[in-house]
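See below for the structure under consideration.
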Amino acid sequence: MKNRIVRGVAGSFILISLLLAIYVNQNWLWFTAFVGANLLQSAITKWCLMETILEKLGVKD
């Protein structure tokens, strides 16, 4: 369950930031890059801040 939530949040952040870049300001693309870099970092280190937050909120695997 936790893995699905992490993927859903990351995907939502990417889509929302792309829409904000199109309709508000192109600087929102930096947020898209930040989310992508965090996804890459979590694949390499096997640590994800969102998973830690979900654990503290009591979400089970």
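Of all residues in region 14-61, those that are under 16 Å from N3 (Cβ atoms), of a type in the set (S, T, Y) and surrounded by 13 or more Cβ atoms within 10 Å (Cβ to Cβ) total 1. Can you spot a residue in region 48-57 that is under 13 Å from the mean Cα position of the chain (by Cα) and assigned to a loop (DSSP other than H, G, I, E, B)? Yes, there is a match, as at least one residue in region 48-57 is under 13 Å from the mean Cα position of the chain (by Cα) and assigned to a loop (DSSP other than H, G, I, E, B). Tallying residues that are in contact (Cβ under 8 Å) with a residue 40 or more places away in the chain and either in contact with a strand residue (DSSP E or B) (Cβ under 9 Å, 6 or more places away or on another chain) or more than 12 Å from V35 (Cα to Cα) (or both) within region 1-25 yields 4.
We did not get these values from a lab; they are worked out from the coordinates using the rules stated. A quick note: this is a predicted structure, and the numbers were derived from the prediction, not measured. Positions of Cβ are generated from backbone atoms using ideal geometry, with glycine treated the same way; all protein chains shown enter the neighbour counts.
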